[in-house]
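These notes are about the structure you will find just below.
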Amino acid sequence: MPLQIIVGTQWGDEGKGRIVDWFAADSDIVARYNGGDNAGHSVTVGAKLFKLHLIPSGIIHPRPVAVLGNGMVINPKSLVDEIDMLQKAGIIVNPQRMRISHAAHLITPVHQALDKALEVARGKGNIGTTGRGIGPAYTDKASRRGLRVADLQSPDFSERLGNLIEEANQQLKMLGALTIEPLTTIKDFRQYSDAMLPYIADTSMEVDSALRAGQHILAEGAQGSLLDIDLGTYPFVTSSSTTAAGVFTGLGIGISAAAGAVVTGVCKSFQTRVGSGPFPTEVFDDLALQLRGTGANPWDEYGTTTGRARRVGWLDGVLLRYAVRINGLTELVITKLDILSGFKTLKLCVAYRQGDETMHSTFTDLPFGPSNLEGYEPVYEEFPGWTEDVSALRSWADLPQAAKDYLAAISRLTGIPVRLVSVGPEREQIVSAA
Ligand code: GDP
Ligand code: IMO
Ligand code: MG
């Protein structure tokens, strides 16, 4: 199994970071293939909580080499800050163990300014982006005027960055937003360039060589399947390919590596979403507070990147089946099972219903994808809850029967096995399937 892909099955924040950390112990390379610092991946090791935005979560282990693939958009300032944060925490980050694709695109301050100004212009219809410049950077990539990591070394880089800023400033003026001062940005980028230079590599070639040598490559997805630019709840999505197929273009590896790949879907035991867009199983009031938490614990449902309160709801099995289909998932990892302790009854959405009471139709798959969820009402199967605290458990046999029944229902609904369950944010708080 040289290639293992870790992908979120929902709208992000499923706990991918901590699950990547679990598998990274046995990996040779851990590679990010999409997105940028819109991602926020938390890894808790003992008293230390690492919040990673750009660097693959596997870097916390000493063994794997971290790769930032060509499918990413990289804000050099965030990268330099993250390297610094890790080094101060005693993690070794150097060019021997971290490689950045020459073909990844750069995020500049104008992309961030445009992201924010465009959101203001969208008014009530805003996407609720993270404001990190992701959409505008991928727009420039698709428009074929983006700046790439390799361009940092080019003699005309300052001129090209200056031109990009001037053009974006015209757009910012039209949007009534503050413009960006080119000279300061150009000066800052010279410094970032010096810091990044030693890490730049042909990561496509390096990952390919590692695959041929039979090494274990762990591909770490950012965001979640329902935020995919093509297959998610468009237009309330991010701008990259978050699904498993994105690994091949986002790392520059051939599709034949898919044969025999393990595709692990990380799924929270309930549903969360940050930002706007449809959410059929969303709940409110006291129930929402019980799922979200008050913010007193680091794992409560408040964004790692933006601090926003996440919307919460019951696990949506229709959307989960869709994620299994579009990613070709081979197994599931269920996170935050501990949060479900203490609910009298758990609900799992197994189908949608549309129409009035006499004329309704019920369906278990998604006609025309998930963009079109308005007007669909969830059909729930109910399960008895459990009262026991599961966070100290490490063996499947010890899980309460009600928890095993709930997990079995998820497996039945999706047709794939649950391989691991996480019962707390700590590295060791994992229960492996019997
Ligand atoms: P990611 O973006 O998919 O990596 O997920 P985030 O790190 O943004 O959000 C997941 C949050 O849940 C983080 O605060 C994790 O530390 C926490 N977490 C992960 N797994 C568990 C778990 O099993 N139980 C609890 N209580 N927290 C968890
Ligand atoms: P991780 O990797 C949750 C959401 C934003 C917004 C939409 C578009 O931590 O799971 P963008 O800034 O990407 O243009 O925002 O996508 N979003 C995330 N939600 N987790 C993430 O990443 C996200 N990255 C983007 O909230 O709704
Ligand atoms: Mg996150």
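The values are calculated or read from the model by the stated rules, or taken from the named source; none is laboratory data. Values in this document were obtained by computation on a predicted structure and should not be read as measured data. Don't worry about glycine lacking a Cβ; one is built from the backbone with ideal geometry, like all the others, and counts go over all protein chains shown.
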If the Cβ limit is 7 Å and pairs must be 6+ apart or interchain, which residue in region 294-309 that is without any contact (Cβ under 8 Å) to a residue 40 or more places away in the chain pairs with which residue that is part of a loop (DSSP other than H, G, I, E, B) and away from ligand 1 (no atom under 11 Å from the Cβ)?
Asp300/Thr294; Tyr302/Gly295; Tyr302/Arg308
What's the number of the condition Gln290 fails, among (1) among the polar types (S, T, N, Q); (2) assigned to a loop (DSSP other than H, G, I, E, B); (3) closer than 20 Å to Ile334 by Cα; (4) over 17 Å from the mean Cα position of the chain (by Cα)?
(2)
Scope region 203-217; condition surrounded by fewer than 24 Cβ atoms within 10 Å (Cβ to Cβ) and in contact (Cβ under 8 Å) with a residue 60 or more places away in the chain; matching residues:
Ser204, Glu206, Ala210, Leu211, Gly214, Gln215, His216
If you check Thr184 against the conditions, is it in contact with a Ser or Thr (Cβ under 7 Å, 6 or more places away or on another chain) and farther than 24 Å from Ser371 by Cβ?
no
Can you name every residue in region 4-28 that is crowded, with 24+ Cβ neighbours inside 10 Å, within 18 Å of Arg99 (Cβ to Cβ) and more than 10 Å from ligand 1 (Cβ to nearest atom)?
Ala24
Name every residue in region 177-202 that is without any contact (Cβ under 8 Å) to a residue 12 or more places away in the chain, more than 19 Å from Leu54 (Cα to Cα) and among the charged types (D, E, K, R), in order of residue number.
Glu181, Lys187
Taking region 2-22, which residues are in a loop (DSSP other than H, G, I, E, B) and away from ligand 2 (no atom under 14 Å from the Cβ)?
Pro2
Check region 254-263 and report whether any residue there is crowded, with 24+ Cβ neighbours inside 10 Å and at pLDDT 95 or above.
no
Checking Ala150 against (1) within 16 Å of ligand 2 (Cβ to nearest atom); (2) part of a helix (DSSP H, G or I): exactly one of these is not met. Which one?
(1)
